[in-house]
Amino acid sequence: MKQENLCCHLATCGAVSWLILTGGIDLASADVFTINPAQSSLTLSGSILGYSIAPQGAGSLTTTYNGTIQATQSGGTIQFTGQSVITAQTNGSWQPLAGGASGNAPADYGGKASTFLGTAYAALRSILLDVTSPPIPVSSGQFSPSSLTFSFPSNATSAIDYHSAVGSGSKVANGNATNNVATLATLTTVGSTQTLTLDINAQFTFTLVSSGDTIVNLSGQFVATRNVAPALVVLQSPAVTNHVVTLKWQSPAGQFFQVLNSTNLIAWQTNASNVTSATTNYAWTGTNPAPSGFYRLVQ
């Protein structure tokens, strides 16, 4: 167990004095979450040249992602500040070749569409996404991801290679899309690991042969984690009434604490285990029959 440096001395007859020593992190600094590809994948749907996209083969329209997501957490909000590197993984060999010529080559996605002139093929390669947002309120470890905007960085090499009876070639993937989801995103901290879970539903419009003739919708989920320094814990004013001690403190929701007490700062005994809270406000109440006592939190 990691001991928090928070200790208070209580005179249980009524007078109270306390010492608060806190260690924490700068919540205004940028946090970098590492995407877990085992839990992060997006499925492609939409249309090519106005015709519905179908898979070229088993699994050709779903792929995993890795990379990083960058965000700032401050004052009960989270903001996605850009400079994220969200990278699709190659999931097979699909038509056409890079540049649009006939043939198969490794790609992140492979789709096809049946048109009145025959089958049109499209392969998405080197897909790289960024994400930005305004500050978003976080409540009890949840927030709305509907204001997130996903985009293709201007310096990325993301491409759509296509081959059809009316034209073939390659287009640089660009543009942005708002995240159209209602499911709340979550931020949970267990021990030294903070986990970000985001549902994704972003629609992009591209021009291959004629204006806006291709729609790509990416939907799924990202799960990303980061290691956190010891979280800021703030002990509020303790209270004593008729030998009943009440301790209150603030810390990120979902953390677990033990409450220990001592009469001499040498021998400590456990008063409570697994004190947790669904909010950032914690409290513990117990009886101390001794004239005075020392209390501390252990995490």
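Please treat every number below as a calculation from the coordinates, not as lab data. As the structure is a computational prediction, the values presented were derived from the model and not from experiment. Every residue, glycine as well, gets a Cβ built from its backbone with ideal geometry; the counts of neighbours run over all protein chains shown.
Numbers for the structure displayed
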{"read-out": "Selected from VAL138, VAL244, VAL85 as most flexible by GNM, with the chain as the system and alpha-carbon contacts under 10 Å", "value": "VAL244"}
{"read-out": "Selected from LEU235, LEU124, LEU44 as most flexible by GNM, with the chain as the system and alpha-carbon contacts under 10 Å", "value": "LEU235"}
{"read-out": "Rel. contact order, % - alpha carbon contacts under 8 angstrom, at least six apart, the chain", "value": "21"}
{"read-out": "Estimated FRET transfer efficiency (SER45, ASN274; beta-carbon r; R0 30 Å; 0.05)", "value": "0.10"}
{"read-out": "Chymotrypsin sites (Phe, Trp or Tyr not before Pro) restricted to DSSP loop in the stretch 51-148 with at most 15 other C-beta within 10 Å", "value": "PHE116"}
{"read-out": "In order through the stretch 192-200: 3J(HN,Hα) via Karplus (6.51 cos²θ - 1.76 cosθ + 1.60), integer Hz, x for Gly, Pro", "value": "9, 10, 9, 10, 10, 10, 10, 7, 10"}
{"read-out": "Nearest-0.05 FRET efficiency for THR68 and ALA98, computed from C-beta distance (R0 25 Å)", "value": "0.45"}
{"read-out": "Where labels lie 7 Å past Cα in the beta-carbon direction, separation of THR81 and ASN264 in nm", "value": "5.0"}
{"read-out": "Length released on extending from PHE116 to ALA58, taking residue separation times 0.36 nm less the Cα-Cα span", "value": "18.5 nm"}
{"read-out": "Where only C-alpha atoms are counted, convex hull volume of the chain per residue in Å³", "value": "127"}
{"read-out": "Fluctuation leader among ASN180, ASN264, ASN36 - the chain, Gaussian network, Cα springs under 10 angstrom", "value": "ASN264"}
{"read-out": "FRET E, pair ASN242, SER139, Förster distance 41 Å, beta-carbon r, rounded to 0.05", "value": "0.70"}
